[in-house]
Amino acid sequence: MGLYAGIDLHSRNSYVGILDDEDKKIFRKKLVNDPEVILAALNRFRPELTGVVVESTFNWYWLVDALMDGGYRVHLANPSAIKKYEGLKHSDDHDDAFWLAQMLSLGILPEGYIYPKEERPIRDLLRKRGHLVRDRTSLMLSLQNIVVRNCGQKLNVNLLRKTTEDEVSPLLEENEDLHLGGKVSKECIDFLTSRIRCIERSVYDKIRIKDQYKYLETMPGVGKILSLTIMLEAGPIERFPHVGKYASYCRKVPSKWISNGKQKEKGNQKNGNKYLARAYSEAAEMARRFSVEARSFYNRKKARSNFMIAHGALAHKLARAGFYVMRDCVPFDSGKAFA
């Protein structure tokens, strides 16, 4: 007899449900989020357990790691691909846990990728860098606006990033309040810059680009940080059967539902990896500025639509090119990409 376990994971507790081959519910219990407690509950069923399903929530790392270390076969359910019958009048944690177990028993469970435990910390460190970069950008835009409103001149971004000397605050020294606001903003920008550089040094010391990803830097707009980001976020490129799946995972394909030639509504636009989406969006912006071929492609698209659609089309092109660069381990070919 085979058993199937489903775990409905929340921030403080988890509901565990276990089914047998005949869909008979043989165990159900809400447990605190303690790996020892959950493993103890599953232990008596261990010889018959075919697999354990955990939903891919924001906090799945610890539970999946504990189960895998305990020798269980773990399946990470993809919540965006799971849909229950909408006609149900009642649904709760009990139903959710057993629905996960039932999908596993039927062989229809949509599964997510369990990223290797040893590489997750460095990936999360790069994600933190991206968070700090966005915060710094917000502060720089705010400071630029203050100077434009009060001094009538726009500051160069490189001047705002400069940490050796503060050339911004003196522009606002005629007013005490504006001077303090500018000084505080510049100090925050400088602090974030130092922390960003600290993270970059640590990342460079701890990880190297793998052979399969060594040609990512040949792509326009992709430097060392972006190539490492793409490598760590994409994982093994073999897990994507074709380029369309990868582009979709990067959130670079349109999401809409069409019936009889008419669009009914949009699908799940956030289904995919937001960090890869940002990486290729940033690469597209840099490519538009510094690559002749990429800028020409962007301008052709922009002439027929608008700048947002053109930017998205360029990012989509780069995502598709990135797939082939990684899969075939070849340098970027602008002739093929922008033909």
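Across M286, M231, M326, mean-square fluctuation computed from a Gaussian network of the chain (C-alpha pairs under 10 Å connected) peaks at M286.
Comparing A315, V16, I114 along the charge dipole axis of the chain, the residue lying farthest to the positive side is A315, per the Cβ-charge model. Loop-located trypsin sites (Lys or Arg not before Pro) in the stretch 103-155 (DSSP state other than H, G, I, E, B) with a sparse environment of at most 15 neighbouring Cβ atoms within 10 Å: K154.
State whether the stretch 3-114 is rounded, prolate or oblate according to the following rule on the C-alpha gyration tensor (a ≥ b ≥ c being the square roots of its eigenvalues): a/c under 1.5 gives rounded; otherwise a/b larger than b/c gives prolate, and the remaining case gives oblate. In terms of gyration-tensor shape, rounded. Using equal-weight Cα scatterers in the Debye expression, the normalised intensity of the stretch 176-254 in log10 at q = 0.10, 0.19, 0.20 Å⁻¹ is -0.42, -0.90, -0.95.
If you take every DSSP beta bridge whose two residues both sit in the chain, what share of them, in percent to the nearest 5, is antiparallel?
Counting DSSP beta bridges with both partners in the chain, the antiparallel share is about 65 percent.
Size descriptors for the stretch 119-206, from the alpha-carbon set: Rg then Dmax equal 15.0, 51 Å. At an R0 of 30 angstrom, the distance between the Cβ atoms of Y61 and L171 translates into a FRET efficiency of 0.05. Placing unit charges on the Cβ atoms only, positive for Lys and Arg and negative for Asp and Glu, gives the chain a dipole magnitude near 1440 debye about its Cα centre. Please label the shape of the stretch 59-180 as rounded, prolate or oblate, based on the square roots a ≥ b ≥ c of the eigenvalues of the alpha-carbon gyration tensor (a/c under 1.5 means rounded; beyond that, a/b larger than b/c means prolate, else oblate). Judged from the Cα gyration tensor, the stretch 59-180 comes out prolate (a/c at least 1.5, a/b above b/c).
Can you put S194, S169 in order, fewest other beta carbons within 10 Å first?
S194, S169
Fewest neighbouring Cβ atoms within 10 Å first, the residues H94, H242 line up as H242, H94. The longest part of the chain holding none of the exposed loop GluC sites (Glu not before Pro), meaning those outside H, G, I, E and B in DSSP with at most 16 other Cβ atoms within 10 Å, is 175-339.
Tell me, Kirkwood radius of the stretch 184-339 from alpha-carbon pair distances, in Å? It works out to 16.9 Å. Charged side chains reduced to their Cβ positions (Lys and Arg at +1, Asp and Glu at -1) give the stretch 3-114 a dipole of some 180 debye around its Cα centre. Contact order for the stretch 3-114, expressed relative to its length and based on alpha carbon pairs under 8 Å spaced 6+ residues apart, stands at 33 percent.
Read-outs: derived from the displayed coordinates by stated rules, not from any lab. Quantities reported herein were computed from a predicted structural model and do not represent experimental measurements. In this analysis, Cβ positions are derived from the backbone assuming ideal geometry, glycine residues included, and neighbour counts consider all displayed protein chains.
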